[in-house]
1. How many percent of all Cα-Cα pairs in the stretch 212-335 sit more than 23 Å apart?
2. Where is the GNM fluctuation largest for the chain (alpha-carbon springs, 10 angstrom cutoff): Pro294, Pro223, Pro239?
3. Would you calculate a helix-derived [θ] at 222 nm for the chain, using -39,500 (n - 2.57) for each DSSP H run of n ≥ 4 and dividing by the full residue count, to the nearest 500?
4. Could you please report the charge total around Gly275, scoring K, R as +1 and D, E as -1 over all other residues with beta-carbon less than 9 angstrom from its beta-carbon?
5. Which aspartates and glutamates, on any chain, are close to Lys272 with Cα under 13 Å apart, when same-chain ones fewer than 8 places away are left out?
6. Grab the other residues whose beta carbon is less than 12 angstrom from that of Ser33, score K and R as +1, D and E as -1, and report the net.
7. Can you work out the accessible area per residue across the stretch 242-355, with the rest of the protein chains kept in place, probe 1.4 Å, in square angstrom?
8. Give the relative contact order (percent, whole number) for the chain; include only Cα pairs under 8 Å separated by 6+ residues.
Amino acid sequence: MKQLESFYGLFIAILMILICNACLDEHHFGKSSLNQILHFSVAGQVGNTQIVSDSLLIRVTVGSQVNTANLFADSIRVSSYANVNPGKGDLVDFTKPTFYEVTAEDGSVAKYRVIVTKETATPQLENSGFDDWHTPAGKNYQEPGKDENTIWASGNAGVVTLGQANVEKTEIAPGDFGAKLITRDLGPLAQLVKQGIAAGSMFTGKFQLNISNPLSSAKFGTPFSARPKSFSITYTYVPGLVYKNGQGQVLDKKDQADIYLLLENRSGETIKRIGTAWFRSGDKVDNPKEITIPIIYGNLPQGSPEFWFPTNGTIGNATDEITHISFVLASSAAGANFEGGVNSTLIVNNFKLNY
């Protein structure tokens, strides 16, 4: 009887809360005064947007061929209940000072100045020295880039669900930092789902964790339109001595580091590979070594390694427009198959595009 009375009392309490919530005026605590631009991008943009909320300033870079006198924002996100003018899709002349007004629910207005500049003919990727790192909100690991608005991503968000982050900031010399990528054995629990090995991976793009399909979590590529001749990077590599697959089985294989750059045209329904530059090696390199890898435009030479070719088989012409760049680093070349040498360690610094 007491249990029934307790249940009845709990039921009445929940019912009263629901009734009271239903009767609340949405403006009971006043109208919102929030008037921020949270996300902003324009057609033809390359790289990420820089939003400086304190000074109400937005900086955007577009391709060198973009007409900035007749341009529009293709994506804008503002505070809840706020409105923005001009709006998404409205044509704007960005060759002169341009302001976007955000009006909060309570009528207060914030004016954001938007500065659009054209990409130079010889651009470098932001944070290509890997000196800047940040801690994502609510996380206990670091990611490359000054803040979450960066072109760089890693697989850390997926790895920490079962183990320790495997892309880390590391000091190369006083005041000079790089990235350390480590292949980790995630143990028996991860082996049950055949994902016991996690290669350290870092790339241009975004990582959006998909538990049901982990391989789809990495979204490679960032907008880019230039035509470099090669890339250079300084690295060290120590392959792990014990090579395992995702089930924890030891395999008779030697691990290899993977460093590659892909230039693509994504303007149509089919992604076309325009440029390819690939370095894969299992050699142990204890002291920092600089390598320069040429970019091959158009068709790949006969006899090229199979892994150089795009999975969709589509290679464009050498003269086709470039819209995106993917630069990828991995401490284990077969990391996508959840294979690699336990504790294989790749350290990189000073990535550079050569023109």
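The values are calculated or read from the model by the stated rules, or taken from the named source; none is laboratory data. Fair warning: this is a prediction, and the values are worked out from it, not measured in the lab. No Cβ is skipped: glycine too gets one built from the backbone with ideal geometry, and neighbour counts run over all protein chains shown. Side chains included, ligands, DNA and RNA excluded: accessible areas come from the protein's heavy atoms. Shrake-Rupley method; radii C 1.70, N 1.55, O 1.52, S 1.80 Å.
1. Values: 3072 of 7626 pairs.
Value for the stretch 212-335: 40 percent of Cα pairs lie more than 23 Å apart.
2. Pro294
3. It comes out at -2500 deg cm²/dmol, rounded to the nearest 500.
4. +1
5. Glu264, Asp320, Glu321
6. Surrounding charge for Ser33 is -1.
7. Values: 5680 Å² over 114 residues.
Heavy-atom SASA per residue in the stretch 242-355 reads 50 Å².
8. Numbers: 845 pairs, mean separation 57.0, N = 355.
Relative contact order here is 16 percent.
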